[in-house]
Structure formats: structure tokens, C-alpha cells
Amino acid sequence: MTDRIADRFASLDRSALVTFVCGGDPNPELTAPILHALVRGGADLIEIGMPFTDPMADGPAIQQGNIRALEAGISLKKLLEIVRDFRTQDSATPLVLMGYLNPLLAHGADFGRDATAAGLDGLIIVDLPPEEAGELELGGLHLIRLATPTTDDRRLPAVLDGASGFLYYVAVAGITGQNSAAAADIEAAVRRLKAATTLPVAVGFGVKTPAQAADIARHADAVVVGSAIVDLIGNAHGRKSNDIPGEVEQFVSTLSQAVRTARPEAVLTEIGA
Amino acid sequence: MPEHLTKPSSLRTDPDATATSLRVGPDARGHFGAFGGRYVAETLMPLILDLEREYIAAKADPAFRAELDYLLKHYVGRPSPLYFAEPLTRHLGGAKIYLKREELNHTGAHKINNCIGQILLAKRMGKTRIIAETGAGQHGVATATVAARFGLPCTIFMGARDIERQMPNVFRMRLLGAEVRSVTSGSQTLKDAMNEALRDWVTNVHDTFYIIGTVAGPHPYPELVRDFQNVIGEEAKAQLFEAEGRLPDVAVAAVGGGSNAIGLFHPFLDDPVELVGIEAAGHGLDTEAHAASLAGGRSGVLHGNKTFLLQDADGQITEAHSISAGLDYPGIGPEHAWLHSIGRVRYEGITDAEALEAFQLLAKVEGIIPALETAHALAWVTKAAPTMAADRIILVNLSGRGDKDIFAVARELGAEL
């Protein structure tokens, strides 16, 4: 079986751009066009949020995205259909489903198998720490682990034990789309994590602008942008824009440009050392 | 009377507890059978593991127990009386009814038992800020009270809809120096207040202690809240032994998250006592407007634990409904989910209308205005007691007083204030 996540990281000699959107936001029909727009804009890996009524770790932007998507009728079953549809035109871009555990449990024991068959590559489950993850049948999915500013040396081994795909570093203790971490703190955290794992390290939470993305791309294997894109979708939807995918593509291309030009050769060498 | 029943101590370990006891749970990872656990964001995991270590240390520390017992006695006013409700017994004509008077505690409900325990833990852990969620406002008031007593700043999250129906408690919290933050997301009730408290906690994880008000949330909360509430059942057992020389036949309590019920039930789990938990049936269990997660829900994960939840086929949480803001929650503590699944506790529903009747009955017959939450348990008693012989005993947890509810009840009854 191909491992799209590993292949994608192996193919890049720079930091990857990871983009997040809420599945079904602003409606299920637009999701596949938006996913393709993310790729055209330069996203290397996509996280699709599975909306939930009670997104406890998300700030207002993604809360609103969840509400828009749920009101428009998204469900996990529909989201897997959208993924299957996306895969008919794009067999290379890794897709990671991100969300909360309960909708996945409601799908039943076949979730991992169905999600793998649809073309998903990984899972990020916000409210599923490693201790509780054993009961979930993953099929062929990578279960992406999260490290945070509170992950001390006592905790880190538990996070890394069985980690797969890549390691997601949550740069701030907090919810999505709020505060941003200082560049120096992120650099130190990435250094520490890379010393402890061979997995690629992605950094997210509080990354909103091309400049912030470039700062992180200098040190991390991937930079994740979510709330800023979800906000853009919400605003465009509010204005009744007739080209939401086009607006998404345009914004993502500014992020992509910043990430692609972030590393001078000297820094690359230093990171490689 | 057995010696272990005479000395009220909120954290006594039961000498009778054995491997076959129903009182030994949860397991080391916080599971009660298939329920419970720790389903939280990774940011919170180190803190929750710290809390667990600190709680284990506190339980073994005589100074902690001594301070807790002192405050429960002199600040809360424990032990609360066990009262033989003779007029109500006569009125209903059947089993003898005993009321465990938790509504006489400082702040007017059982909630303070737990808040005293948790703020002592917060102090031990060096935390400098307190947050809590509240539904009816009883837990918010109790939390604001202990925060005032210990000089810690305190923020209470409360659904906008609950703020509207519980204005007296909102004002109380503000008088006590707490900031009350209105939560306008989702159904604007207890569930959403808990989401917002969790968001605050994860953002302020280094200095903030989250005082959860019920036996839910990630391990060790369901265990420690239960332990702090066990004093209710321990006292009642000893007091009833003194009054009647025996165990009750039935013990009954209202269940939202389930802290007053587990506090009453837990000391009786290994005894031949019928235990009945009353869920809020709202407009009826055959409608969609109720808060009975055991009767109308199924297993899932929310707010840090696996338990029974009101949810749709896609696993989205559905809105609960109850006339009582304190029961208006789509989940239930995991130990209750387990006790339900093994059949040790029977859970039944009482509607808004039945609770409203019982609320008025207790006021008129006993001169006690109960909380609307508590009125659900009393409504069950009005149905059960007449069917039982006069030598049978029902023990009811009178978990809170109803002063906070008079405006909402007046509205329901069409009375002008």
C-alpha cells in the first residue's frame, strides 16, 4: 500500500504547507472544489475537519465553520464520499481527517476501513490521547500524535510511543486561531522534538499570515494554517461570493510562496546537521 | 452503631471494600467498566496526570483531611441533618420518608462539599486562578464562595439561556467577586459552558485550576468529585442507623451529571438497598425534549469521558431539555453509566410537570422549598411512597434549596412577581 504522507515528505526539500478546512463548509457541494483549490494554491497536505457540535479545542473561526457545515448537512458518511470524489482526480495529495472522537465512534467499528477505502491517509483526533487510542480500529490510517508546550520530558515518550505519519506540534497552549507563539519558542520546541523522533514535525495553531508561515517553515518540516482559511471561507460565504474556491486558492498561494522561499541554503544545512 | 459509621470523614476509605465491592472503581486509567477514561486534548494531559498524583497524595495526607473536615464542619455546616418528613409521610400514606438536608449547607446545595475539596487541591498545586462551569448556578455560587474564602480570582462560565433563568444566582456569584462569563455558543446551556471552560483551561493551563461541578469529565474528576460528595451517604447511613437502627429500603436522588446521587448512593452500593436515580424527562421521554441520557441516549465521548449521551445517528450531540437548568445536560457521569449498565442502580424519568407539582407540594406540606433539580427526586417519591408499606423507609437526597428557582417557577405558574 502506498504511503502518501511518507512519500510527500520524502519528495520535498523544503517545509511542507499543510492547510485545514472544515469538511462541508460552507456546504458539502463546495468541499471538493475547495480541496482542489488548496492543492492548486500550493498545499502539500490537507487536513479536513470533521465538524462536531462541541469543538472544545477550537476558537471562534473553526466553531463557526463547524456550525456552517453542520447546518448545511455534512456528516461523516458524506465527507467520506467527498474524499472518494476528490481521489478520482488527485491520487497524490495526502488527506488527514481532523476532529473529535464521537462522530467516528458513531460511524462504528468499520470507520478505519471505510476511511482508508475512501482515500484518507491519516487521522488527528483532538480528544483522543494515546492512552485511550487502543480501541480505535485504524484500518490503514496513520494516527497523528500531538505534542504541545505542556508536553514535558515525562510526557513526551507516551506521545511518541506508536506515533505515525508525522508529529503535530501545537505551538500554543490554547485553542485554534487565537494566540501565536514566539518564533524562538517554536524553533526550540522543534529542535527538541526532532531530537526525539525521526518523524517529520509539523507546527500549527496561531499561524495566520505568510510571514508567520515563513518563520516556522525555516525550522519545521511542515507548517499548518487553518483558522485563517476557515475565516476567509466564512467571510466569502457571508459576502455571497460566487468563487470561494478561487479566493481560497489565491490566499493559499501567498502562504505557499512564503513557505517555498523561507529557507536560505545556510539554514537548510544547519537544520540538516 | 459500627465505629466506622460514627465518625464523619469525607475521605474515609471503606474498611469493607474488597475486590468484589462495587465501590473500588475506577481502574488506574479512570474506567468504570466501559465508561469513563481521559478523553482530552494533549495540552491538558500532563496537567490531569499532575492532578491525579496530587489527589492521591492529598488523600494520604492527614493534614489535608483535617483541613477538609474542619471546613466542612465549621464553614459548610456539616453534618447536614437527616430529617424524618412526618407530614409528607402522612400526606402520601405509605413508606417513611427521610430527607437528607443538603439544602441546609452553606450556599444552599450539596455542591459546596466538592468545591471545598477541590480548592484545597488547587491550593496544594499552587494554582492562582479558579474557573468553573455552571448550569443552575449552584455550582457557580459554591465555587465563587470558596474562591472568595481562599482569595483566588474566579471566572464562572454560564450559558446565556441559563443566566436568564437563574438571575438570582448570577447576582450572587458577582457579589462573591466572581466574573460570570455568558456563553452564547450552541444551546447556551451547561454543555456549552463546559466547552467554554475547557477552552479557557487549555489556554491558561499553567496557573488555572478547573473546579468541575459534577462526577463527569476526564479522570480523576469523576472519582474525586464522588469522594468529596460521599460524605452525604456516609452521614445519612449513620444518621438513619441512629434513628431507625437499620438501612433504608430505597435511596433516591435526582441525576443530571450525578454528583448528589453518587454522593448518596456510593456508601450503599454494597448494601441491600434499592438505589433509584431520577433523570429529567422534560416534556416526556417519548418526546425529543428531555435530558435523560440513560433512557434516551447511547454510549459516546464528550467532555473528557465516555458515557451515555444524547446524540443523533452521526454522533452529533443533541440539545437536552429540562425545566431545571441543573439537569439540562446531554450526558451523565461515567460511574452512573456503569451502574446503569450492570443494573445496580435503577434510573427513571420525571417530567417537568411532575417536578413542578412536587416542588409546590414540599413547600406546602413541609415548609421546605426544594430546588427544581431535587423536585424530580421528590416527584418520584410521591408516586412510590404510597405503594410501599408503612414500615419501609425511603431516603431522599434533598440536594438543594429552591430560592433560586422561584422566578422560573412563578413564570411557569403564570404568577406575577
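The values are calculated or read from the model by the stated rules, or taken from the named source; none is laboratory data. Just so you know, these numbers come straight off a predicted model, no measurement behind them. Neighbour counts run over all protein chains shown; Cβ positions are idealised from the backbone, glycine included.
The conditions are (1) more than 15 Å from residue A:233 (Cβ to Cβ); (2) surrounded by 23 or more Cβ atoms within 10 Å (Cβ to Cβ), and residue A:78 fails exactly one of them. Which is it?
Looking at each condition in turn, residue A:78 falls short on (2).
I'm trying to understand the selection: among the residues of segment B:117-142, which are among the β-branched types (Val, Ile, Thr) and either in contact with an Asp or Glu (Cβ under 9 Å, 6 or more places away or on another chain) or in a loop (DSSP other than H, G, I, E, B) (or both)? Before you say what the answer is, go through the steps one by one.
Of the residues in segment B:117-142, the ones among the β-branched types (Val, Ile, Thr) are B:119, B:128, B:130-131, B:134, B:141.
Scanning segment B:117-142 gives B:128, B:131, B:134.
State all residues of segment A:59-74 that are touching a residue at least 40 places away in the same chain (Cβ under 8 Å) and within 8 Å of chain B (Cβ to nearest Cβ); if no residue qualifies, say none. Give the steps one after another, and end with the answer.
Our first condition is that a residue be touching a residue at least 40 places away in the same chain (Cβ under 8 Å); within segment A:59-74, this holds for A:59-62, A:64-66, A:68-70, A:72-74.
Selection gives A:59, A:70.
Please work out if residue B:386 is buried (at least 24 other Cβ atoms within 10 Å of the Cβ) and either charged (D, E, K, R) or outside the structural domain of residue B:41 (by TED's automatic domain parsing) (or both). I'd like the intermediate steps shown before the answer.
Values: buried (at least 24 other Cβ atoms within 10 Å of the Cβ): no; either charged (D, E, K, R) or outside the structural domain of residue B:41 (by TED's automatic domain parsing) (or both): yes.
So residue B:386 does not fit the description; no.
Could you tell me whether segment B:56-66 includes any residue that is over 18 Å from residue B:234 (Cα atoms), within 14 Å of chain A (Cβ to nearest Cβ) and in a helix (DSSP H, G or I)?
Here is the first cut: in segment B:56-66, the residues over 18 Å from residue B:234 (Cα atoms) are B:56-58, B:60-64.
If we keep only those that are within 14 Å of chain A (Cβ to nearest Cβ) as well, we get none.
The answer is no, given that none of the residues of segment B:56-66 is over 18 Å from residue B:234 (Cα atoms), within 14 Å of chain A (Cβ to nearest Cβ) and in a helix (DSSP H, G or I).
Which of the following residues is in contact with a Phe, Trp or Tyr (Cβ under 7 Å, 6 or more places away or on another chain) and either more than 18 Å from residue A:263 (Cα to Cα) or among the polar types (S, T, N, Q) (or both): A:206, A:177, A:226? Give the derivation first.
Working: A:206 fails: in contact with a Phe, Trp or Tyr (Cβ under 7 Å, 6 or more places away or on another chain); A:177 fails: in contact with a Phe, Trp or Tyr (Cβ under 7 Å, 6 or more places away or on another chain).
It is A:226.
When segment A:102-129 is examined, which residues are found to be among the charged types (D, E, K, R), out of contact with any Asp or Glu (no Cβ under 8 Å at 6 or more places or on another chain) and part of a helix (DSSP H, G or I)?
Of everything in segment A:102-129, just one residue is among the charged types (D, E, K, R), out of contact with any Asp or Glu (no Cβ under 8 Å at 6 or more places or on another chain) and part of a helix (DSSP H, G or I), namely A:114.
So, residue A:74, is that one of a type in the set (Val, Ile, Thr) and more than 15 Å from the chain's Cα centre (by Cα) or not? Before you say what the answer is, go through the steps one by one.
On the way: of a type in the set (Val, Ile, Thr): yes; more than 15 Å from the chain's Cα centre (by Cα): yes.
Criteria met by residue A:74.
Of all residues in segment B:319-342 being over 20 Å from residue B:39 (Cα atoms) and β-branched (Val, Ile, Thr), which is nearest to the chain's Cα centre (by Cα)? If you could, list the steps in order and put the result at the bottom.
Taking segment B:319-342 first, the residues over 20 Å from residue B:39 (Cα atoms) are B:319-328, B:339-342.
Adding the requirement that they be β-branched (Val, Ile, Thr) leaves B:323, B:342.
Numbers: B:323: 17, B:342: 21 Å.
Top of the filtered list is B:323.
Among residues belonging to segment B:189-241 that are part of a helix (DSSP H, G or I) and of a type in the set (Val, Ile, Thr), point out the one that is nearest to the other protein chains (Cβ to nearest Cβ). Full working, then the answer.
Our first condition is that a residue be part of a helix (DSSP H, G or I); within segment B:189-241, this holds for B:190-203, B:221-229, B:231-241.
Now drop any that are not of a type in the set (Val, Ile, Thr), which leaves B:202-203, B:225, B:231-232.
Details: B:202: 6, B:203: 4, B:225: 19, B:231: 31, B:232: 30 Å.
My answer is B:203.
Is at least one residue of segment B:171-185 away from chain A (no Cβ under 14 Å), part of a helix (DSSP H, G or I) and in contact with a Leu (Cβ under 7 Å, 6 or more places away or on another chain)?
No, segment B:171-185 contains no residue that is away from chain A (no Cβ under 14 Å), part of a helix (DSSP H, G or I) and in contact with a Leu (Cβ under 7 Å, 6 or more places away or on another chain).
If I filter segment B:325-333 for residues that are assigned to a strand (DSSP E or B) and either away from chain A (no Cβ under 14 Å) or among the hydrophobic types (A, V, I, L, M, F, W, C) (or both), do I get at least one hit?
So the first thing to find is which residues in segment B:325-333 are assigned to a strand (DSSP E or B), and the list is none.
No, there is no match, as no residue in segment B:325-333 is assigned to a strand (DSSP E or B) and either away from chain A (no Cβ under 14 Å) or among the hydrophobic types (A, V, I, L, M, F, W, C) (or both).
Checking residue B:92 against (1) in the same structural domain as residue B:367 (by TED's automatic domain parsing); (2) touching a strand residue (DSSP E or B) at 6+ places or on another chain (Cβ under 7 Å), which test does it fail?
(2)
When you scan segment B:286-307, how many residues do you find that are assigned to a loop (DSSP other than H, G, I, E, B), surrounded by fewer than 24 Cβ atoms within 10 Å (Cβ to Cβ), under 20 Å from the mean Cα position of the chain (by Cα) and away from chain A (no Cβ under 14 Å)?
Count: 0.
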